[in-house]
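Everything below concerns the one structure shown next.
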Amino acid sequence: MNLMELNKIAVAMAAPGKGILAADESSGTIKKRFDSIGVESTEDNRRDYREMLFRTEEAMRNAISGVILFDETIRQNAADGTPLVQLINDAGAIPGIKVDKGAKDLAGAPGEKVTEGLDGLRERLNEYYELGARFAKWRAVIDINGDDIPSGYCIATNVHALARYAALCQEANIVPIVEPEVLMDGDHDIDRCYDVTEFTLKSLFDELYAQDVALEGTVLKPNMVISGKKNANRASVSEVAEKTVRCFRAAVPAALPSIVFLSGGQSDEEATAHLNAMNAEYADKMPWALSFSYGRALQAAPLKAWSGKTENIPAAQAAFAHRAAMNGLATTGEWSDGLEKAA
Ligand code: 13P
């Protein structure tokens, strides 16, 4: 492991003004996204859509530090034969790869999941490095929408797997993004999300320590501390910012260079406003850079604008460039509602 190199990449992933485009939807998820715009999920359509994003110069050069790819995409060429990985590198961004095999039912724990994909991972990571990946992602899912969940068993098995994955990544000179996502599904209040997120993060960092993962070469991708989607009195932007920063200060070691949030079903503007509020109000209280690794909150607008039609590409690229720029501003606390509306 070359820790200096890993640290350089982990820092670059959340460089000021930049964050990550999560374009690693699995085959099932991208089909759902395409269904919503009435486009068939064929290999060519998936390629055309993602190529369009990676060719959005303005977004990629100015506001995107890296792109998370799915296994199919890291092997794909653009329509003109250029590898998609090369398009990303040429734009000055870092290619990354989703390596987990998805969240599966956890044995003996109804309603809970554990993420699979450790078998053969060492060999797959070596291949992904050859294909150009310099960071990876593994997502664990913690559902809190029920009376008796999450169980300690669910959190323990998921963070154990996250640490095993992270150690293997570092051995392969790939920066691990560790993503323990506490879901927004349900009507819980923000304090319940706080408690579960704090417990999950503390458990995760215990396990990373136990398995000798170097935090200097690791990136955390967490949920924000936020009310459930169906909560009748959802917490304000300033409360989300205050509680998220408080929770992380209690649970995330200072050695970690970068935290990049998932959007998790927040609206585009909510995801931007929350990130902005944290950086605008608490920058001097945080030892880590705080940025984004959004899937839906970066892609919902361009996906809709594109709708599978070549003539819509300029409008879709403009929509992507706009969301990327707004989130880029949020990484330094310079976003405002006025800038959002002025576009
Ligand atoms: P969302 O931002 O849509 O939650 O996706 C981010 C991601 O990569 C989830 O693993």
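The values are calculated or read from the model by the stated rules, or taken from the named source; none is laboratory data. Worth saying up front: this structure is predicted, and the values here are computed from it rather than measured. Cβ atoms come from the backbone with ideal geometry, glycine included; neighbour counts cover every protein chain shown. Remember, those area values only see protein heavy atoms, side chains included, never the ligands or the DNA or RNA. Shrake-Rupley method; radii C 1.70, N 1.55, O 1.52, S 1.80 Å.
Can you give the convex hull volume per residue for the Cα atoms of region 254-299, as a whole number of Å³?
Measuring per residue, one finds 62 Å³ for the Cα hull of region 254-299.
Given the options Ile226, Ile174, Ile37, state which has the largest fluctuation in a GNM of the chain using a 10 Å cut-off (strictly under) for Cα springs.
Looking only at Ile226, Ile174, Ile37, the largest GNM fluctuation is found for Ile37.
So if I take the alpha carbon set of the chain, get Rg, then get Rh from the Kirkwood formula, what is the Rg over Rh ratio?
Reported Rg/Rh (Cα atoms, Kirkwood Rh): 0.94.
Given a 1.4 Å probe and every protein chain left where it sits, what share in percent of the accessible area of the chain is carbon and sulfur?
Here it works out to 48 percent.
Calculate the FRET efficiency for Ala255 and Arg164 from the Cβ-Cβ distance with a Förster distance of 22 Å, rounded to the nearest 0.05.
Here the calculated transfer efficiency is 0.65.
For a paramagnetic label modelled at 7 Å from the Cα of Asp187 toward its Cβ, which residues of region 228-265 fall within the zone defined by backbone nitrogen distances under 20 Å?
228-236, by backbone N distance to the label point.
Could you pull out every whole DSSP H run in the chain that spans at least 27 Å of Cα extent along its own axis and averages 0.0 or higher on the Kyte-Doolittle scale?
152-171
Among 179-188, 83-92, 140-149, what's the highest-first ranking by average C-beta atoms within 10 angstrom per residue?
Taking the mean over residues of other Cβ atoms within 10 Å, the ranking is 179-188, 83-92, 140-149.
Running a GNM on the chain with Cα contacts under 10 Å, which residue among Gly132, Gly81, Gly308 ends up with the highest mean-square fluctuation?
Comparing Gly132, Gly81, Gly308 in the GNM, the peak value goes to Gly81.
Find how much the distance from Ala280 to Ile37 grows on full extension, using 0.36 nm per residue of separation minus their present alpha carbon separation; answer in nm with one decimal.
Taking Ala280 through Ile37 to full extension adds about 83.9 nm, to one decimal.
Please work out how much length the chain gains when fully extended from Arg246 to Tyr209, using 0.36 nm per residue of separation minus the C-alpha to C-alpha distance, in nm with one decimal.
Between Arg246 and Tyr209, full extension yields an extra 11.1 nm.
Using a Debye calculation, one point per C-alpha and no hydration shell, please list log10 I(q)/I(0) for region 184-343 at q = 0.10, 0.14, 0.15 Å⁻¹ in order.
Rounded to two decimals, the profile gives -0.40, -0.74, -0.84.
Please state the relative contact order of region 1-152 as a whole percent: Cα pairs under 8 Å, 6+ residues apart?
Relative CO of region 1-152 lands at 20 percent.
Return the long-range amide H neighbours of Lys113 (sequence gap of 5 or more, or a different chain), with a cut-off of under 5 Å between placed amide H atoms.
Leu106, Asp143
Go ahead and collect, in residue order, the members of region 303-339 whose backbone nitrogen is under 20 Å from a label point 7 Å along the Cα-Cβ direction of Asp44.
Answer for this model: 306-314.
Divide by every residue of the chain the summed helix terms, -39500 (n - 2.57) for each DSSP H run of at least 4, and state the resulting mean residue ellipticity at 222 nm, rounded to the nearest 500 deg cm²/dmol.
Taking each H run of at least 4 residues, the total per residue is -15000 deg cm²/dmol.
Under 22 Å Cα-Cα from Lys341, which lysines qualify once same-chain neighbours fewer than 8 residues away are excluded?
Leaving aside lysines fewer than 8 places away in the same chain, those within reach of Lys341 are Lys18, Lys304.
State in Å² the accessible area per residue of region 26-147; use a 1.4 Å probe, count heavy atoms of protein chains only, and round to the nearest integer.
45
If I model a spin label as a point 7 Å beyond the Cα along the Cα-Cβ vector, how far apart are those points for Ser26 and Ser307 in nm?
For Ser26 paired with Ser307, the spin-label model returns 3.0 nm.
In nm, what is the difference between 0.36 nm times the number of residues separating Glu130 and Arg75 and their Cα-Cα distance?
The span from Glu130 to Arg75 would gain 18.7 nm if fully extended.
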